[in-house]
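Trainee: Following this message is one structure expressed as structure tokens.
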Amino acid sequence: MRAVNDVAGDRRKETRVGNVTRNSKQVAQKFFGALGEDPVVPAVRGPGIALERVLGGRYPAVFVLGGDVFELLRKVRGRERRPFICVNVDMVGGVAADASGLRFLSRGVDGIISTHRHVIELAKGAGFLTIQRLFAIDSGAVERGIKLIRHANPDGIEILPGVAYPEVVARYRESLTQPTLAGGLITDRETVKHILDAGAAGVSTSTSSLWNST
């Protein structure tokens, strides 16, 4: 099983953010490679007990969907081996989703999650792994989201809610050219299997009983 992100090995050659040099392509390859071995990504609402559990285990990544980024960075500081840490900058507190905010997050964050095209483009330019969220509320929302994704060109796409994933990819497969993940309303192993069988590179879930590591 994929263990952790070797932070020292992920120092990147092409883009400098503050004092950190990043190569987003290499990080994306390692991230999706890790999902190939363990496709269930813990999703946590903030830097509490759940995050402590993930940081102390052998998980492929963690999606941080809320909380205070100052506390998050304090908890990850000094950990040379840990999961890939991806932060939803639309939902966390304490940082703006702009160039200055991304420079601040580069101290301990590997990936940026957002629904917004301009945020994904900024994050790509700063060398982060980028995951753009696509909300499958209805066909119009999916088609508008796909247009934004086409322009932003993120490393990956997360389709929400996850239970809609099989239907969405069946209908829009040719338009979804990046690796796809599913998140939201995933609460049992049967749903996880159904989504992975439909072609997802991974699923994110806050249901800790589905996390594959201990």
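Trainee: Find the residue count for region 184-214, including only residues that are β-branched (Val, Ile, Thr), under 18 Å from Ala50 (Cα atoms), in contact with a helix residue (DSSP H, G or I) (Cβ under 7 Å, 6 or more places away or on another chain) and not in a strand (DSSP E or B). Working first, answer last.
Mentor: Filtering region 184-214 down to residues β-branched (Val, Ile, Thr) leaves 186-187, 191-192, 195, 203, 205, 207, 214.
Then drop every residue that is not under 18 Å from Ala50 (Cα atoms), which leaves 186-187, 203, 205, 207, 214.
Add one more test, that the residue is in contact with a helix residue (DSSP H, G or I) (Cβ under 7 Å, 6 or more places away or on another chain), and what stays is 186, 203.
Adding the requirement that they be not in a strand (DSSP E or B) leaves 186.
Result for region 184-214: 1.
Residue-wise test of (1) in a loop (DSSP other than H, G, I, E, B); (2) modelled with pLDDT of 90 or more; (3) within 16 Å of Thr130 (Cα to Cα); (4) of a type outside the set (Ser, Thr, Tyr).
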residue	(1), (2), (3), (4)
Val27	no, yes, yes, yes
Ala34	no, yes, yes, yes
Arg58	yes, yes, no, yes
Val62	no, yes, yes, yes
Leu73	no, yes, no, yes
Ile85	no, yes, yes, yes
Met91	yes, yes, yes, yes
Ile113	no, yes, yes, yes
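Trainee: Can you tell me which condition Ser100 does not meet? The list is (1) surrounded by fewer than 18 Cβ atoms within 10 Å (Cβ to Cβ); (2) under 16 Å from Ser24 (Cα atoms); (3) polar (S, T, N, Q), and all the others hold.
Mentor: Single failed check for Ser100: (2).
Trainee: Considering only residues of region 147-183 that are of a type in the set (Asp, Glu) and in a helix (DSSP H, G or I), which is surrounded by the fewest Cβ atoms within 10 Å (Cβ to Cβ)?
Mentor: As a first pass, look at region 147-183 and keep what is of a type in the set (Asp, Glu): 155, 158, 167, 174.
Those left that are additionally in a helix (DSSP H, G or I): 167, 174.
Working: Glu167: 13, Glu174: 6.
The residue in question is Glu174.
Trainee: Here's a follow-up. Given the conditions (1) within 16 Å of Pro39 (Cβ to Cβ); (2) without any contact (Cβ under 8 Å) to a residue 40 or more places away in the chain, and given that Gly156 satisfies all but one, which numbered condition is not satisfied?
Mentor: Just one mismatch for Gly156, condition (2).
Trainee: For region 121-140, enumerate the residues that are in contact (Cβ under 8 Å) with a residue 60 or more places away in the chain and outside any strand (DSSP E or B).
Mentor: Hits for region 121-140 are Lys124, Gly125, Ala126, Gly127, Phe128.
Trainee: Same structure again: Of everything in region 124-137 that's buried (at least 16 other Cβ atoms within 10 Å of the Cβ) and more than 18 Å from Phe32 (Cα to Cα), which residue is modelled with the lowest pLDDT? Break it down stepwise before answering.
Mentor: Here is the first cut: in region 124-137, the residues buried (at least 16 other Cβ atoms within 10 Å of the Cβ) are 124, 126-136.
In the following step, the residues that additionally are more than 18 Å from Phe32 (Cα to Cα) were identified as 126, 134-136.
Numbers: Ala126: 94, Leu134: 98, Phe135: 98, Ala136: 98.
Going through the qualifying residues, I end up with Ala126.
Trainee: Something else now. So, in region 93-107, of the ones that are assigned to a loop (DSSP other than H, G, I, E, B) and charged (D, E, K, R), which residue ends up modelled with the lowest pLDDT? Let's see the steps before the verdict.
Mentor: Restricting attention to region 93-107, the residues satisfying the condition of being assigned to a loop (DSSP other than H, G, I, E, B) are 94-98, 106-107.
From the residues that got through so far, the ones that are charged (D, E, K, R) too are 98, 107.
Details: Asp98: 94, Arg107: 91.
Among those residues, the one meeting the criterion is Arg107.
The values are calculated or read from the model by the stated rules, or taken from the named source; none is laboratory data. In this text the structure is predicted, and so the values were computed from the model without any measurement. Glycine gets a Cβ as well: all are built from the backbone with ideal geometry, and neighbour counts include every protein chain shown.
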